[in-house]
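**Q** Pasting in a structure now, in structure tokens, and then I'll have a few things to ask.
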Amino acid sequence: MSILVVMEQRAVQGPPAWSRMSLETLAAGQQLGRELQQPVSAAVLGQGIGSLAGELADKKLAHAYAVEHDLLKDYTPDTYSAAVRQLVEHSGATIVVFPHTYQVRDFLPKLATALGRVAVSDVVAHRVEDGKLVCVRQLFQGKLNVDVRFTGEPPYFASLQAGAYRADTLEAGSAAVEKFTPQLSPARTKPLDLFREAQRAVDLTAAEIIVSVGRGIKEAGNIPIVQKLADALGAELAASRPICDSGWLPMERQVGSSGQTVAPKMYLAVGISGAIQHLVGMKGSKTIVAINKDSNAPIFEVADYGIVGDLFQVVPALIEEIQKAKS
Amino acid sequence: MKIVVCIKQVPARDSQLRVASSGAWIQDADLSYEINEPDAYALEEGLQLKEKHGGEVVVLCAGPARAAQTIREALAKGADRAIHIEEENLGAFDPLGAARLLAAALGPEKPDLVLTGLQSDDLGYGQTGVILAELLGLPHATIIMQVEKQDGSIRVKRELEDGWFQHVEMPLPALLTIQSGINKLRYATLMGIKKAKSKELRTVSPADLGAAAPAPLIELSRVYLPGRSKQTQLFEGPPKEVAAKLVEKLKFEARVI
């Protein structure tokens, strides 16, 4: 029985580099190894990844697999799932963990299905009970948690949420780099250009205070209510994804996994329930304030201060009090 | 182009959720339900593709009898017909089991394109579409923000993290999971609602499809309220009072004003 961590590298700008979450996942894999007393290995896939494999060599690992192939140069679900599948079979790993990135979401369910397994996606924590792994994940956009157990045969697959584990607990050591060359056929899908939309005019990451608005604002015509609050605080206005999807604020003001990641001195969330896609973009803020009518809204789990109430009554009162305090 | 859109019915977004006494799921009897939001965008994308290129949009939904309401709404928005895999206890199916149900109904349809939302708002695995593609032997792409039909193939815009995107090309038939915000949702018209009543809604059971619930490979053993990671100071009461309290804290404790 052993654990395999499948790392993710990207070469978006410049040479291949780890995606941030990969190191968190590696630390989580080592932690699992200690708890289950199983050897831990890690793998990096791609082409021209020798230096990244070299970085794995000074971590406490049984094996550092360098999975190289010309067809792994650009990510495709066909080639990546086939390569990881062959590596899992070769290594005999019984628990395989991944960072829960957009790329992993794209191929992990395919890989698990090909092996007749079900992956547990987006894991936020885990426990070991009677020598068995229990994964904790979220339901209903973070309103509830659930314990999930594997009931079938290994290998067991899980992907770990950003920020759920800490990369700074990584244990140094040494590992022999082992090259693994999978047998691959060309993918059916053809990856083309990587690009970013037009230059961002708003850099939310530079703001000291951010007032962010979510679905609770109900309609576009109500946006000025939160704009006034932002003005009173000298803050930038930001939003959760649904607000930008609806075109009520431009996409460049979106905070979350698909928008900007911010960590201002104060983040004031108005009418935002706090789906995980939003939380990952702001939970590093120094002081988090939330206004929401639902006292069980997940945003309150990360908030330092919260007001449970109707934002249409609370926000005007808050503006008045802020102006008083500032004068 | 024949397009099948897989949709799911989920508890309405602002539902107050309570854990059932069994501890294994929520109390779901008194909730109101709606279409899973990303699936609404998948449906809209299907309808727009049909309007541009001709063809048919078929809605496929696995769920209990109450899901028929959500299916009718999809027909009212413009889908041509629907298949309802009626199963009262969908919770007995893990993501692979649920996708097998959908695959069994989908296979004979031989669609050119299968669309699903990228994830469900209830379980949120974000896996059904990709599992379905694998079961059907179709190429796929996930978290799609744009679909362009070409001759015998499609070119899609895939969303990545941190504001990055990638174009991907693939042959048809294929499966895409659609991201919220890809398009602007339409409302059903009065005429659409009227027409929906006479559209075909075929109900099948898992047994009809030869796909009974297999032993699940993962088990949801306990549902509970998450603990708070921070000591949150929560204020409740008259707006003026709580606003004053908060501002005092922000000024003298957090020192951010």
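**Q** Given the conditions (1) touching a strand residue (DSSP E or B) at 6+ places or on another chain (Cβ under 7 Å); (2) among the charged types (D, E, K, R); (3) not in a loop (DSSP other than H, G, I, E, B), which single one is not true for residue A:55?
**A** For residue A:55, the failing item is (1).
**Q** Sort through B:120, B:153 and tell me the only one that's out of contact with any Ser or Thr (no Cβ under 8 Å at 6 or more places or on another chain) and either within 30 Å of residue A:147 (Cα to Cα) or in the same structural domain as residue B:59 (by TED's automatic domain parsing) (or both).
**A** Of B:120, B:153, the one residue that is out of contact with any Ser or Thr (no Cβ under 8 Å at 6 or more places or on another chain) and either within 30 Å of residue A:147 (Cα to Cα) or in the same structural domain as residue B:59 (by TED's automatic domain parsing) (or both) is B:153.
Rundown of residues vs (1) within 8 Å of chain B (Cβ to nearest Cβ); (2) within 26 Å of residue A:179 (Cα to Cα); (3) part of a loop (DSSP other than H, G, I, E, B), yes/no style:
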{"site": "A:110", "(1), (2), (3)": "yes, yes, no"}
{"site": "A:123", "(1), (2), (3)": "no, no, no"}
{"site": "A:134", "(1), (2), (3)": "yes, no, no"}
{"site": "A:138", "(1), (2), (3)": "yes, no, no"}
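**Q** Moving to a separate point now. Please indicate, with yes or no, whether at least one residue in segment B:11-34 is assigned by TED's automatic domain parsing to the domain that holds residue B:156, assigned to a helix (DSSP H, G or I) and modelled with pLDDT of 95 or more.
**A** no
**Q** Continuing with this model, one more query. Quick check on my filter: what residues within segment B:173-208 are of a type outside the set (A, V, I, L, M, F, W, C), within 14 Å of chain A (Cβ to nearest Cβ) and in a strand (DSSP E or B)?
**A** B:177
**Q** Also, I was wondering about something else. Considering B:113, B:138, B:118, which residue is more than 13 Å from chain A (Cβ to nearest Cβ) and in contact with a strand residue (DSSP E or B) (Cβ under 6 Å, 6 or more places away or on another chain)?
**A** B:113
**Q** Mind checking which residues of segment A:86-101 are buried (at least 18 other Cβ atoms within 10 Å of the Cβ) and part of a helix (DSSP H, G or I)?
**A** A:87, A:88, A:91
**Q** Could you check how many residues of segment B:130-156 are in a strand (DSSP E or B) and out of contact with any Gly (no Cβ under 8 Å at 6 or more places or on another chain)?
**A** So the count comes out to 11.
**Q** I'm told residue B:218 meets every condition in (1) more than 9 Å from chain A (Cβ to nearest Cβ); (2) touching a Cys at 6+ places or on another chain (Cβ under 9 Å); (3) not acidic (Asp, Glu) except one. Can you identify the failing condition by its number?
**A** Answer for residue B:218: the failing condition is (1).
**Q** Only residues that are modelled with pLDDT under 95, more than 7 Å from every other protein chain (Cβ to nearest Cβ) and in contact with a strand residue (DSSP E or B) (Cβ under 6 Å, 6 or more places away or on another chain): list them for segment B:151-172, please.
**A** None - no residue of segment B:151-172 is modelled with pLDDT under 95, more than 7 Å from every other protein chain (Cβ to nearest Cβ) and in contact with a strand residue (DSSP E or B) (Cβ under 6 Å, 6 or more places away or on another chain), so the list stays empty.
**Q** A further question on this structure: Confirm whether residue B:240 is without any contact (Cβ under 8 Å) to a residue 12 or more places away in the chain, surrounded by 15 or more Cβ atoms within 10 Å (Cβ to Cβ) and either more than 8 Å from chain A (Cβ to nearest Cβ) or under 30 Å from residue A:76 (Cα atoms) (or both).
**A** Here the answer is no, as residue B:240 does not meet what is asked.
**Q** Now for a separate question. Could you list, in sequence order, the residues of segment A:265-292 that are out of contact with any helix residue (DSSP H, G or I) (no Cβ under 8 Å at 6 or more places or on another chain) and either more than 18 Å from residue A:138 (Cβ to Cβ) or in a helix (DSSP H, G or I) (or both)?
**A** Residues satisfying the conditions are A:265, A:267, A:284, A:285, A:286.
The values are calculated or read from the model by the stated rules, or taken from the named source; none is laboratory data. Everything numeric here is computed off the predicted structure, so don't read it as measured data. Note that each Cβ is placed from the backbone with ideal geometry, even for glycine, and that neighbours are counted across all protein chains shown.
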